[in-house]
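The values are calculated or read from the model by the stated rules, or taken from the named source; none is laboratory data. Values in this document were obtained by computation on a predicted structure and should not be read as measured data. Cβ placement follows ideal geometry from the backbone for every residue including glycine, while neighbour counts extend to all protein chains displayed. For accessibility, only protein heavy atoms count, side chains too; no ligands or nucleic acids. Shrake-Rupley method; radii C 1.70, N 1.55, O 1.52, S 1.80 Å.
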Amino acid sequence: MYLDGLPLHLMYTHADVHAVESRKRANPSQFSRPSMPATAPAKQAARNFITTRVASFFFVLATMHNLPDGRKINVGVLGATGTVGQRFILLLSEHPYFVIHALGASQRSAGKPYSKAVTWKQTKAIPAVVREMAINECKPEFFAECAVVFSGLDAEVAGDIEAAFRAAELAVFSNAKNFRRDPNVPLIVPLVNTSHLSMIPQQRALCSPPLKKGFIVTNANCSTTGFVVPLAALEKAFGPIESCIITTMQAISGAGYPAARRRRWSGRR
Ligand SMILES: NC(=O)C1=CN([C@@H]2O[C@H](COP(=O)(O)OP(=O)(O)OC[C@H]3O[C@@H](n4cnc5c(N)ncnc54)[C@H](OP(=O)(O)O)[C@@H]3O)[C@@H](O)[C@H]2O)C=CC1
Ligand SMILES: N[C@@H](CC(=O)OP(=O)(O)O)C(=O)O
């Protein structure tokens with residue numbers, strides 16, 4: 001997939017994906033579509049796919065092949081203090097192609113060093129690269145030197161902010177729901193529909209004024225991603241799935257992380 005002359009690759013952070021791909025290359029017959037009833041190796045292959053976990057909320061853009069040695073891509077994180085933003089920071093800080101260049105959050109956090117503004121919830125420590133980095137307001141001018149911006153913004157504000165970043169010719173990869181139903185915005189499930197990235201030129205052309213570089217790509221809801229990846233693998237191996245019953249229990253209380261924290265503090269589980 002090429003965009004602006006650069007090869008785009010979706011990178012998955014979980015090594016299992018690569019392990020499955022290696023097994024597939026080493027023994028393609030095990031992964032070919034079986035005649036029914038399925039053979040034992042084919043069933044095992046499907047099980048392998050199911051157990052393949054993907055870092056479901058994280059998809060990244062890399063320009064791997066054209067990078068001269070040592071050059072890295074500047075990226076920004078919007079909603080950097082939030083739960084999703086923290087995961088972006090952990091993953092990006094360890095990524096070979098990216099360097100975290102700018103952080104954005106609300107006015108409440110802007111101006112503070114990251115470590116002072118964030119309520120860090122991860123088991124790993126705050127990466128050194130962001131610890132003292134000052135947080136900006138989520139305005140495009142503070143991210144002008146970023147080639148890509150990853151958004152973990154609260155959905156209450158993500159729509160307007162991400163649109164403003166796109167209008168400022170920035171590439172936005174969003175975890176928020178706001179643009180998922182926009183017919184011109186790719187809604188990507190890793191391993192399943194990366195071909196939908198080809199609609200980006202159309203998205204740019206339809207913006208007013210038309211854009212040269214800016215675009216938005218979204219990912220699906222985390223539970224959707226988690227079950228679409230194995231379902232797509234099963235379809236590929238065995239043919240169309242007629243029906244599927246799925247129950248997700250998201251945000252059962254609706255009270256979010258603060259409620260979980262209160263329960264921990266009060267000793268209740
Ligand atoms: N696709 C998926 O799989 C998933 C998607 N999500 C989505 O990701 C988003 C983030 O979720 P989560 O990390 O749990 O949320 P949090 O509440 O933990 O974080 C929200 C972030 O948005 C920032 N923010 C809030 N208001 C503003 C504002 N007015 N201007 C600029 N920044 C603001 C906060 O900054 P501050 O700290 O300064 O207030 C914080 O950094 C949500 O849209 C959620 O629905 C979540 C999980 C999975
Ligand atoms: N509700 C999801 C997180 C989320 O906010 O999803 P969405 O981006 O679709 O609102 C969860 O339970 O983790």
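How large, in percent, is the carbon and sulfur part of the accessible surface of region 131-220 at a probe radius of 1.4 Å? All intermediate terms of the calculation are to be shown ahead of the outcome.
Details: 2240 of 4280 Å².
Of all accessible area on region 131-220, carbon and sulfur atoms account for 52 percent.
Long-range amide H contacts for Asn74: which residues qualify at under 5 Å (H placed 1.01 Å from N, peptide plane, sequence gap of 5 or more or a different chain)?
For Asn74, whose amide H was placed from the backbone, the distant partners under 5 Å are Val99, Ala147.
By what distance, in whole Å, do the Cα atoms of region 132-208 stretch along each of the three principal axes, largest value first?
38, 26, 23
What are the semi-axes of the equivalent ellipsoid for region 198-251, taken as the square roots of 5 times the Cα gyration tensor eigenvalues, largest first, in whole Å? Numbers along the way, then the final one.
Values: eigenvalues 220, 54, 14 Å².
They are 33, 16, 8 Å, listed from largest to smallest.
Mind computing the radius of gyration and Dmax over the alpha-carbon atoms of region 71-198? Å is fine for both.
14.2, 41
At a Förster radius of 22 Å, what calculated FRET efficiency corresponds to the Cβ-Cβ distance of Ala144 and Ser198, to the nearest 0.05? Can you show the working numbers first?
Values: r = 27 Å, r/R0 = 1.23.
Once the sixth-power term is evaluated, E becomes 0.25.
Write down the Å³ per residue value for the convex hull defined by the alpha carbon atoms of region 99-173. Intermediate results must be reported in sequence, preceding the final value.
Working: hull volume 7.5 nm³, N = 75.
That works out to 101 Å³ per residue.
Which trypsin sites (Lys or Arg not before Pro) in region 155-224 sit in a loop by DSSP (not H, G, I, E or B) and have at most 16 other Cβ atoms within 10 Å of their own Cβ?
Details: sites: Arg166, Lys177, Arg180, Arg181, Arg204, Lys212, Lys213; in loops: Lys177, Arg180, Arg181, Lys212, Lys213.
Passing both the DSSP loop test and the Cβ count: Lys177, Arg180, Arg181, Lys212, Lys213.
For region 127-135, take each phi angle, set θ = phi - 60°, evaluate the Karplus expression 6.51 cos²θ - 1.76 cosθ + 1.60, and give the result in whole Hz per residue in order, putting x for glycine and proline.
x, 4, 4, 10, 3, 9, 5, 6, 7
Assuming a viscosity of 1.567 mPa s and a temperature of 4 °C, what translational diffusion coefficient in µm² per second does Stokes-Einstein assign to region 173-226, Rh being the Kirkwood radius over Cα pairs?
Working: Rh = 11.5 Å.
Approximately 112 µm²/s, per Stokes-Einstein.
Under a point spin-label approximation (7 Å from Cα along Cα-to-Cβ), what is the Ile241-Lys177 distance to one decimal in nm?
Between Ile241 and Lys177, the label points sit 2.1 nm apart.
If you count only protein heavy atoms and use a 1.4 Å probe, how large is the accessible surface of Met249, to the nearest 10 Å²?
Met249 exposes around 150 Å² with every protein chain in place.
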